[in-house]
Structures are given as structure tokens and as C-alpha cells.
Amino acid sequence: MSHLLLSDLSPGASGVLNRVGGSRAYRRRLLELGFVPGTHLKLIRRLDVGNVLEVELRESRVSLRISEATVLELVTEETS
Amino acid sequence: MSRSVVAIAGNPNCGKTTLFNSLTGVHAKVGNYPGITVERREAALHLPDGRDAVLLDIPGTYSLSARTAEEQIAISAIAGLNRFQDPDAVIVVVDGTQLARNLYLALQVLELRLKVVVALNMCDVLEREGVAVDTDKLSEELGVAVVRVSAIRGDGIADLKEAVSNVLAADGVSHGVVQRLNGTVGSAVDAVMPEIPEGWSRGDGERRAALATWALLSLDEEDELWEVPEALRETVLRQRRLVEEAGEDLDLQVVSARYQWIDGVCARVMGELPGALRRFTDAFDRVLISPIVGFPVFLLVMGMVFEALFTWSAPLIDIVSNVMSVFGESLGAVLPEGLLRDFVTDGLVAGVGAVIVFLPQILMLFLFISLMEDSGYMARAAFLMDRIMKAIGLTGRAFVPMLSGFACAIPAIMATRTMERRRDRMLTMMVVPIMTCSARLPVYTLIIAALYPAPDQAGGKVFGFFSLQALLMVAMYLFSTVLALVAAAVLGRTLFRGESSPLLLELPPYRWPSPFSVIRQMWERSRLFVTEAGTVILTCTIVLWVLLTFPRDLALSRDYAQEAVTIEVTGVAEGVPEDAIIDQLSVLGGLEDAERLRASWGGRLGRTLEPVIAPLGFDWKIGVGLIGAFAAREVFISTMGVVYGMGDGVDEETVPLREHLQAEVWPDGRRVYTPLVGLSLMVFFALAAQCMSTLAVVKRETRSYRWPVFLFSYMTGLAWIASFCVYQGGRLLGYC
């Protein structure tokens, strides 16, 4: 197990949400979209040119800015 | 029996709008929520028990928690807070393919003790994928009826209506399903409860607790919520501090408890979703939002939108103008000559024409916007453009309105409604009118052709290769684009400061747009424009006509009527050809119109304005033209035609008008229209908010006179300063 940020994931990689940071308003919106600790997250794609990524959680998809996804801290379930 | 009000709520992209359309049919009443720019749609809902109800569309939202006045609409309309009417029942639309996140909203609605029906949408997709959902079990868990529907296919509509009838006829109301929290957070809820106004809680303890929780999640030091009692706000802030000091996390605990319940229920009622559910969407997205193909495709789509606004709508605009002019002429032929005829043809018909001439572009733009929204591509556009637009302080969704501004600001401003945040919308609306719209082109064409050498003349080429005239035109486009971006950056850091909002965007699955909903969008936009902005435009056109027409009983310098008779009598007597007589008469008529215009209130206003515009190099005649341009920028040309006694039939290609501009002199013999004045005039046209239709649409979209007044003041102020710099700077540098 190791800690890392959602913004560090590469496409296809996944992890379990451990901590949600960020300003209160952003954090509340993240939580309400299902980003609560213990949630399984999977990075679907990242577009570094556009500073955006798309993540899957509980069957739904949400796009965030890569620079803002640093508030989501994960625990990875490394298989290698 | 008064009509029941049924509210329909759901997440964005959950199929709520499609379901709304299937439930109600064609006729919807579109308005605004009181005092705010959020659109309010309602339509008649006929229920199987013969009851007539009104279905009220609640803006799509992931949660009832709110920080802005726009987000507050959902809670206010569902719970009937303050000035909002209580709904008799609420339909919560839940997307079955994303059950967990959709149930989050449903739980909040249940807590409010309402008559609730849950519509489980996308059941066709679930069936196709072989995913079983135990609807009865879900209904049992939620304590309310759950109806399987497919909004796209129209399945389950009758069942849903029946469930609504049943719930309206029965007495029971919903209960919250998540257990109340204990500990510090629970005490905070208890402490806030007494501050919930009686009018909100309706004396119901459970509902009081739900609203207390809502307040604890929503209120903070910088929320923008309306009509929240001061005592409630203070208690919430105090309690939040207490929770924080106790080292606990209020938001996290409340939301986690809900998701914990949801995850448990989802596991019990629903089978595993196959990973391939989004296979088509993923296949498309691999191309459409990939760095290599995504951007070129986006530019191609935008190019098409642009082409449609500019080129495809042109023949339609011609048809509209031709129909209006034929209509005006035939009315003119019927009416007796005189003031009434002038009013009808030049005031009324021209005013109606000024309104409907925008319809082709509005229809065209909303055709594309609806297609992009309904197919899911708009979210991808926002995804791709986010970084670029954020750099200038705007959101990805501002791209389409900004681009449309090159064709016309009217549809572009109407297109800002695809943006959720008020700040983003207002900011975009305030800068879109700077973009070079097509109405500025004829003015630039006239000025450039009249005052700058053509490529085959001396000085007409730059570096012996580029046409000076063409370069000037390109420069005007660049100038306006750069200025619009600068204005966005400046306004975004001053007037519309606010925190830059983090991006949280859902890329919904691609879907075929429904032709019905696309046509409905186009129709509703056009109707709103005609009924609301149209009346303002019509009024302004008539006011302008009055300004440029009255007073009528002038002491003219010549007896034009007598001279006309003389021309005819002597002409006929001397055997002058008929054509020549008509020519002489029209020259005389032009001179009379010019003298009347100069003496009109508008003409006097132009003269009054002269000291103000003289530092920009403009004389009072240009001032009159600028007043005329308020109707629409291209009217500048026909007004100048009248000012110079050439009648109003001129256009930017009319050679005599160009020659007249070149020959015009100040009393001291200097030329009025030097290339420097031309540049100053073009800069003024680029920046001044001299389009009453734009101002009318801003008034309609913002529901306030403040913003059109601000827009007019800042743009026109900027125009004056920029023209002043160009003209006076040019003179200092030795140009005249």
C-alpha cells in the first residue's frame, strides 16, 4: 500500500479514496458527488494538454482539473 | 379544486427534461424564477384520475445544498420556502445506470416530508444489459413508490402518471431514511433546529431537522443565499465552529452517512453493472477528446457553427428583409401620404423588421447548441477548452457564445444560458458584444473603401504584397478579439471577482438528440426573444424614428414644394426627358430630407454632442449617424446617406456616398474624413455598445436594467477613450 494523489494516477489505474481536502465549497461538492473516503476510484483518462482528467466512481464519471485533483488522496491496491 | 403542483427534480443529464416533455407534450410556459436568471418551465400535466396538475421543472442538480442563489432554487422550489409555492408532490428522476449518485438527491427530498414518487429512468438500458433492479425492494427501502421508466422510449409514462395520482390522493408523506447522527454533529443539528422558521418547517420536527442539516451544509461565511434569517445564519456559523473545535468533520459525516446507506441499498437492489455499459461512449471519447484528434474535430465543429451563423442564415435574413420591405411598401401604397404612413412604414414596420431579422441566426445557433447539448458533445467542448478559457478567466462553456459573437451578439448572449454559474454568465455577456459582429462589417467596408487606397492605387499595398484594405479589416477583427479577452480578464479580476471555481464536470453518455426537444428549444428561444427583447427593440426603433423625424413644422430654407412644381412645369414645357425630371426631383427630395434631419431632435442632439465627439475627430453629422446606428450599426450608413442628402437608399458599396465622404470638409476647409478619422471611427464602432438590441437582450437575460446600463457605459466609455487615443495620438505623430 502506498499513498498518492488522484492527479498522479495514470489512465486505467485505480485506488481507494483516503482523504478529501480542498476549500470548503469544492470539498462539499466532491463529497456529495460520492468522493467519500473508502470509495473506489478509477482513472479513465487524462488530457495533460488540457489539464483535465476523468475519473470513475460508483458507476458515474466526473471530470476534474489535474491541478485541482491534488486534493484527493488515495491508497492504491498495487497488484504488481 | 385548485390545480395541484407537481415538481420534477433530478441530477443533470438524468433524462429529466425528456421525461418532462413526455409527461406534458408540446406546450410549456417558460419564464424565470423570481428575481433571478434561472429559467422556470412549467406545463400542464393531465393525470389519469381526471385531475389537472402543473408540472414544474426544477433545475438539474446533484444535491439540494446550495451556496449561490441559483443553486438555492432547487431547495426553495421543492420545499416551498419563502416566496416559493409548496409543490403537492415531487417526482425524483433517478438514472438507474448511476443509481448511487442519483439516490443522493432522492434522500434529501425524502427528508423533507413530501409526497414523493421516484422515477427509475434508463430502464431500457438496464434491461438490454441484463441488469436486474428489484424495484419493489427499492420502493420498500425508500418508503415511496418507484416507477420504472424509459424517458427516451416513452416507456412507463402512464404508470408514472398513475403513481402521481395515487400519491396525490393519499395522505402519507415521505420520511428520511438515513439515521440521525449522534455526537457533536447531532448536537449541532439539534441546536440549529429552533432557528428554522416555522414557515419552513410547517411544524414538522423531521422536516425541521432536515432543513437544519441543509443549513449546516449550505451556509458559510461567504455563501450568496437569499432570505436566510440572520439568527439562523449566526447559529449555523457558531455550531460549525463548535464542531470544528471538537475536531470533527460535519460535511464529511453527513455525506458519508448518506452514501453508506446508499451503498448498502444499491448492493441489495441491483445487480452488478457490466463494465461495457459505456462502450459506445468510450469509443467515441477515445477519439473526440483525445489530444491529437479531439482539438481538430472541435475546431471543425466550431467552424460549422460559425459557417451556419454567417453563411447559412444569410439567405434567410435576406428573405426576412425582403418580406418586410415588400410588406412595408404595400402598406405604404394603401395608406395616404403623410405622417401616419411614415410612422407605419419607417417606424412600425422597420421596428418589427429589426426584431425578426435576428430570428434566422437565433434559430441556427440554438439548433447547434441543442444538438451539442443533447448529444453530450457540449460537455466535451467544455472539457477540451477548459484550460484555454480558464486562462482568460472564463469557463470552457463560454467558448460557443464567444465564437457566436463574431456573427451577432444577440444569439450569443442568449447562448450564455448553458453556463451554470452566474459569474461566468454575466462576465461572458459583458464581453461578447465587443466581438466583431457582422453588423460592423458594412461600416468598416464603407470607411476602408472610402478613405484608404485600393490595392491598385498608390500606397494600397503593404510590403508590395498585402492589400492595405484587407489588412485593415483583419486588424479590426484582431483588435476586437484581443480587447474582448482583455476585458474578460480585467472584469473577471475586478467586478466579477469571486473565487475561480474548481471544475467538476460530468461527461454524460452520448445520445441521439431528439428532434422534438431540439425543435422545442429553437421555438422557445425564438418566442422568448420576440416577446421580451422584441418589445424593447420595437420601442427603441419607434423612439429613434420620432427623434429623426420631429419636429415637422420647420421653417425650411427653401420652398421645396414650390421648387418641385417649378421643376415639373418648366421641365415639361422645355421638353426635358421624364427620367431627368425624376432625377432632379429626387435630388431635391434628398436635400429636403437632409435639411429636415439636421433640424430634427436627433440632428440637434448630434450638434449638442459635437463638443463631446470633436476630440475623436468627428463632426456633428457623424454624431447624427452614431445616433442612427443605435438602431443597428449598419443603419449608420443609411443615416449618413440622408445626412448628406442622398436619401436612405445607399449602402456601403454606393460610390457617390464614398465620394461624398471624401469631399466633406470642416468650416475651415480641412477634410473631415481623413484616414486617421476613419481609423478613429472604426475603433469607436468596434467598442461602443451602440446596438439597442444587444442591450435589450441583456436586459431580458439579466432581468435588470443595471447590466445593460453598465454594458453601455463601460463599452462606450472605452470606445471614447480608445478613439481619443487613436485620433489625438495620430495627430501628435503628425498624421492629420
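The values are calculated or read from the model by the stated rules, or taken from the named source; none is laboratory data. Fair warning: this is a prediction, and the values are worked out from it, not measured in the lab. Reconstructed Cβ throughout: ideal geometry from the backbone, glycine too, with neighbour counts over all protein chains shown.
Observations on the structure shown:
Table: residues versus (1) under 21 Å from B:ALA415 (Cβ atoms); (2) out of contact with any Phe, Trp or Tyr (no Cβ under 9 Å at 6 or more places or on another chain).
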residue: B:ASN13; (1), (2): yes, yes
residue: B:THR24; (1), (2): no, yes
residue: B:ALA28; (1), (2): yes, no
residue: B:PRO48; (1), (2): no, yes
residue: B:SER63; (1), (2): no, no
residue: B:ARG67; (1), (2): no, yes
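- Only one entry in A:SER67, A:SER14 is away from chain B (no Cβ under 12 Å) and farther than 19 Å from B:LEU252 by Cβ, namely A:SER14.
- The set of residues from the stretch B:378-395 being away from chain A (no Cβ under 14 Å) and surrounded by fewer than 19 Cβ atoms within 10 Å (Cβ to Cβ) comprises just one member, B:ILE392.
- When B:ALA66, B:ALA43 are checked against the criterion of being without any contact (Cβ under 8 Å) to a residue 60 or more places away in the chain and hydrophobic (A, V, I, L, M, F, W, C), B:ALA43 stands alone in meeting it.
- Residues of the stretch B:478-489 that are under 24 Å from B:LEU451 (Cα atoms) and either buried (at least 17 other Cβ atoms within 10 Å of the Cβ) or among the basic types (Lys, Arg) (or both): B:PHE479, B:SER480.
- Of all the residues in the stretch B:261-292, those that are at pLDDT 90 or above, within 10 Å of another protein chain (Cβ to nearest Cβ) and either part of a helix (DSSP H, G or I) or over 33 Å from the mean Cα position of the chain (by Cα) (or both) number 8.
- When residues of the stretch B:309-329 are limited to those that are among the polar types (S, T, N, Q) and exposed (fewer than 12 other Cβ atoms within 10 Å of the Cβ), the one farthest from B:TRP545 (Cα to Cα): B:THR311
- Whenever a residue of the stretch B:98-109 is at the interface with chain A (Cβ under 7 Å from one of its Cβ atoms), it has no partner that is of a type in the set (Val, Ile, Thr) and not in a helix (DSSP H, G or I) lying with C-beta atoms less than 7 angstrom away and at least six residues away or across chains.
- Put simply, of B:PRO708, B:PRO656 the only residue that is surrounded by fewer than 16 Cβ atoms within 10 Å (Cβ to Cβ) and either touching a helix residue (DSSP H, G or I) at 6+ places or on another chain (Cβ under 9 Å) or more than 23 Å from B:SER480 (Cα to Cα) (or both) is B:PRO656.
- Any chance A:GLY50 is crowded, with 20+ Cβ neighbours inside 10 Å, facing chain B (nearest Cβ under 7 Å) and at pLDDT below 95: yes
- Selection count, the stretch B:232-242, where residues are surrounded by fewer than 18 Cβ atoms within 10 Å (Cβ to Cβ), under 37 Å from the mean Cα position of the chain (by Cα) and not charged (D, E, K, R): 1
- Checking every residue in the stretch B:160-169 against the condition of being polar (S, T, N, Q), within 27 Å of B:ASN102 (Cβ to Cβ) and in a helix (DSSP H, G or I) gives at least one match.
- Filter result for B:VAL474 (out of contact with any Ser or Thr (no Cβ under 7 Å at 6 or more places or on another chain) and either over 20 Å from B:ALA631 (Cα atoms) or among the acidic types (Asp, Glu) (or both)): yes
- Residues in the stretch B:113-134 that are farther than 17 Å from B:GLY15 by Cβ and either touching a residue at least 60 places away in the same chain (Cβ under 8 Å) or outside any loop (DSSP other than H, G, I, E, B) (or both): B:ARG113, B:LEU114, B:VAL116, B:GLY130, B:ALA132, B:ASP134.
- Options B:PHE306, B:PHE368; residue that is modelled with pLDDT of 90 or more, surrounded by 13 or more Cβ atoms within 10 Å (Cβ to Cβ) and more than 25 Å from B:VAL536 (Cβ to Cβ): B:PHE368
- Within this structure, B:PHE280 fails the test of being of a type outside the set (Lys, Arg), out of contact with any helix residue (DSSP H, G or I) (no Cβ under 8 Å at 6 or more places or on another chain), within 28 Å of B:GLY96 (Cβ to Cβ) and surrounded by 14 or more Cβ atoms within 10 Å (Cβ to Cβ).
- Hey, B:PRO615 of a type outside the set (Lys, Arg), without any contact (Cβ under 8 Å) to a residue 12 or more places away in the chain and either surrounded by fewer than 23 Cβ atoms within 10 Å (Cβ to Cβ) or on the phi > 0 side of the Ramachandran plot (or both) or not: no
- Filtering the stretch A:22-37 to residues that are more than 7 Å from chain B (Cβ to nearest Cβ) and either out of contact with any Leu (no Cβ under 9 Å at 6 or more places or on another chain) or modelled with pLDDT under 95 (or both) leaves A:GLY22, A:SER23.
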